[in-house]
Amino acid sequence: MQTRQFVVRDVVTVSPDADVAAAARLMREKHVGFLVVTDQRNGGQYPIGVLTDRDIVMESVAENENPHNLKVSDVMTTRPLVAMLDERVEELLPRMRAAGVRRAPVVDNTGALAGVIAFDDVLQVLADALRDMAGLVTRQRVTETTMRA
């Protein structure tokens, strides 16, 4: 399976120059806890970091910093784990585990932002596939019992 099968293309992005309070409001408005920090160039968006709700809490709130006085670039995670659009999920998941992240920006072969992949989305697809396989075993038994009765 390739990352492109799981990528969410409706990505919420933020500028590194935005203040942290504005980023927090954007998270609330969009109902997300993860923003991709991007640099705009050559007509595309290129990820330069990520900002999580946890970053805001740990670097701003817990430190008694005024979020209006901090820029996203002050608290974002720089050099985030980035997935390639054509990367195999079986190779990406161990990298995500090693980095301790549940979400990652996904880029195309030029490095431009193509979407986000979330561990939760991959897990849901795999769980659905396992449910279908388990149902197949049960259905096979019912079919066999019916045919041989």
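Estimated from helices alone, the mean residue ellipticity of the chain at 222 nm is -12000 deg cm²/dmol (sum of -39500 (n - 2.57) over DSSP H runs with n ≥ 4, per residue). In the neighborhood of A104, defined by Cβ-to-Cβ distances under 13 Å, what is the net charge if each Lys or Arg adds +1 and each Asp or Glu adds -1? That sum, taken over residues with Cβ under 13 Å, equals +1. Take each peptide in 86-99, 26-39, count the other Cβ atoms within 10 Å of every residue, and average; sorted highest first, the result is 26-39, 86-99.
Less than 13 Å Cβ to Cβ from A114, Lys/Arg counted +1 and Asp/Glu -1: what total charge do the surrounding residues give?
Every neighbour counted, the sum reads -2.
Judged by the mean number of other Cβ atoms found within 10 Å, the most tightly packed of the peptides 44-51, 119-126, 131-138, 9-16 leads the ranking 44-51, 9-16, 119-126, 131-138. Under the classification rounded if a/c is under 1.5, otherwise prolate if a/b is larger than b/c and oblate if not, where does the stretch 23-65 fall, given a ≥ b ≥ c as square roots of the Cα gyration tensor eigenvalues? Verdict is prolate for the stretch 23-65.
In this Cβ point-charge picture (+1 for Lys and Arg, -1 for Asp and Glu), the chain has a dipole of about 600 debye about its Cα centre. For the pair A129 and H31, the difference between a 0.36 nm per residue extended length and the Cα-Cα distance amounts to 32.5 nm. Shape analysis of the stretch 28-115 places it in the oblate category; the axes a ≥ b ≥ c from the Cα gyration tensor give an a/c of at least 1.5, with a/b not above b/c. Within the shell of other residues whose beta carbon sits under 12 angstrom from the beta carbon of E63, the net charge comes to -4, with Lys and Arg scored +1 and Asp and Glu -1. Since only A62, T110, M96 are under comparison, the one whose Cα sits farthest along the positive direction of the charge dipole of the stretch 27-116, derived from C-beta charges on Lys, Arg, Asp and Glu, is M96. In plain terms, the C-alpha convex hull of the chain casts an average shadow of 11.8 nm² when viewed from every direction.
Each reported figure results from applying straightforward, stated rules to the coordinates on display, with no laboratory input. This structure is a prediction, so every number in the text was calculated from the model and none was measured. Glycine gets a Cβ as well: all are built from the backbone with ideal geometry, and neighbour counts include every protein chain shown.
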